[in-house]
Each structure stands twice: as C-alpha cells, then as structure tokens.
Amino acid sequence: MPARSRSAAAARSSWSTRAPASRPPPALISAGHRLLSDDVVALDLSRPDEPVIVPGFPQLKLAADAAAAIPIRQAEVRPQAHPAIDKAQHRLHGGFAGDAVLATRIYILQRRDKAAALRLPGPGALSAIIKFSYVTRFGRAALVGDFAATHLRQCAALASQIGVCRLEVPAGLERIGEAVALIERDLAAGDGAR
C-alpha cells in the first residue's frame with residue numbers, strides 16, 4: 001500500500017482475480033503516494049504500541065485495462081508469469097517506499113455502487129483483522145500451541161490502536177479516483193483508533 005497514506009488494504013482473493021481494474025494501489029501511486037506492498041502487507045509488531053508496515057517488493061500486478069487507464073510512471077512492464085494469469089508485472093523504478101512506516105489505517109475493500117469509507121467498531125475491526133490475517137488462510141493447523149493466543153492478542157492490540165475501515169469502491173476504472181479521494185480525506189482527518 002502507498003506509504004504517504006500509511007495504510008494497508010485487505011480484500012478477498014477474488015477481488016484481484018475478478019476485478020483487477022479497480023484496485024486502489026495503482027491509482028494511489030498515480031496520485032503521488034508511494035507503494036509499500038501490492039499483495040501481502042507485513043506488519044512489524046515488535047513494538048506493540050507502534051505497529052509499522054514493512055515494505056514489500058517494488059512491483060504491482062495489473063490487468064492490461066488497469067495499466068492503460070491508470071498511468072504508473074517509472075515502471076518496467078514484465079511479461080506475464082503464466083498464460084493463465086491475465087496480469088503483467090510492473091516493476092517500479094520510482095514511487096516505492098523503501099522504509100517502514102507507522103500503520104495508521106487498515107482498509108477492508110468491498111465492491112459497492114458508490115464510494116464510502118466506514119469505520120468499523122471494535123468487534124468488527126478485530127473480526128476483519130483476523131479474517132484477513134495471512135496465517136488464517138492455512139486454518140487451525142497453522143495456529144498450534146501458544147501461537148493462536150499470541151495471534152489473537154496481536155490482532156486485538158492492532159484493532160484497538162489503528163483505524164479499521166471498510167472502503168467501498170465503485171466498479172469501473174473511471175470511478176477509482178473516488179476511492180483515492182476518500183482515503184486521502186480519511187487519513188488527513190487523522191482520527192485513528194489511538
């Protein structure tokens with residue numbers, strides 16, 4: 001996610017396969033924000049009161065229509081990784097954040113008719129963080145021993161420290177700017193959970 005925003009976004013895996021054109025990261029980069037991660041967002045929780053987003057790899061995966069509609073400057077377009085994947089890799093030579101930043105928001109992306117950013121209350125925020133945690137995709141087998149309790153504590157602490165919002169994104173590339181404007185206004189307001 002873009003660094004100037006200091007936020008992360010999560011969505012069901014079907015988001016990127018069914019609707020690659022309406023993902024906020026390329027539009028945010030085009031608006032002047034720097035990318036931290038396109039896919040999996042890593043959080044450093046070693047300082048529990050200051051969770052930070054750790055930068056990933058300077059690359060985006062974009063469908064051709066998204067790449068044509070949302071200009072990404074200073075990117076090298078790589079060939080498709082596999083014929084079954086309809087996206088090309090865009091390696092960024094600029095617009096990437098190399099340093100970790102303090103996490104202030106998590107946006108849970110959902111497709112809707114109009115753009116909206118809705119703050120999730122405590123239980124909803126916790127539920128969303130758990131649902132989109134990387135480890136949960138592997139089921140209970142990955143949460144062995146004390147790790148399940150540790151994971152729950154970390155998720156609860158994160159939910160209480162930063163704002164968690166449902167970001168409703170309208171369909172269509174021509175409307176992606178609405179979501180970008182909402183994120184910018186929400187972060188400028190600075191009313192995180194802290």
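The values are calculated or read from the model by the stated rules, or taken from the named source; none is laboratory data. Computed from a prediction, not measured in an experiment: that's the story for all the values here. Here the Cβ positions follow ideal geometry from the backbone for every residue, glycine too, while neighbour counts run over all protein chains shown. We work out accessible area using only protein heavy atoms, side chains counted, and drop any ligands, DNA or RNA first. Shrake-Rupley method; radii C 1.70, N 1.55, O 1.52, S 1.80 Å.
What the table below lists for this structure:
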read-out: Residue selected from segment 137-167 under the condition among the charged types (D, E, K, R) and modelled with pLDDT of 90 or more, by the criterion most open to solvent (accessible area, probe 1.4 Å); value: R153
read-out: Single residue of segment 118-136 satisfying the filter (assigned to a loop (DSSP other than H, G, I, E, B) and of a type outside the set (F, W, Y)) that is surrounded by the most Cβ atoms within 10 Å (Cβ to Cβ); value: L120
read-out: In segment 39-56, residue most open to solvent (accessible area, probe 1.4 Å) [restricted to those that are part of a loop (DSSP other than H, G, I, E, B) and in contact (Cβ under 8 Å) with a residue 60 or more places away in the chain]; value: D49
read-out: Residue in segment 4-13 that is touching a helix residue (DSSP H, G or I) at 6+ places or on another chain (Cβ under 7 Å) and modelled with pLDDT of 80 or more present; value: no
read-out: Every residue from segment 107-117 that is in a strand (DSSP E or B) and open to solvent by 70 Å² or more (accessible area, probe 1.4 Å); value: R111, R112
read-out: Extreme residue, nearest to L43 (Cα to Cα), among residues of segment 168-179 that are in a helix (DSSP H, G or I) and open to solvent by 50 Å² or more (accessible area, probe 1.4 Å); value: E178
read-out: Residue match in segment 95-106 (condition: touching a Cys at 6+ places or on another chain (Cβ under 9 Å), touching a residue at least 24 places away in the same chain (Cβ under 8 Å), surrounded by 15 or more Cβ atoms within 10 Å (Cβ to Cβ) and on the phi < 0 side of the Ramachandran plot); value: yes
read-out: Members of segment 57-94 found to be of a type in the set (V, I, T) and surrounded by fewer than 18 Cβ atoms within 10 Å (Cβ to Cβ), listed by number; value: V77, I85
read-out: Among residues of segment 182-194, those that are surrounded by fewer than 13 Cβ atoms within 10 Å (Cβ to Cβ) and modelled with pLDDT of 85 or more, counted; value: 3
read-out: Which numbered condition A125 misses (of (1) without any contact (Cβ under 8 Å) to a residue 40 or more places away in the chain; (2) in contact with a helix residue (DSSP H, G or I) (Cβ under 9 Å, 6 or more places away or on another chain)); value: (1)
read-out: Unique match (being hydrophobic (A, V, I, L, M, F, W, C) and touching a Ser or Thr at 6+ places or on another chain (Cβ under 6 Å)) among V101, V164, V135, V169; value: V169
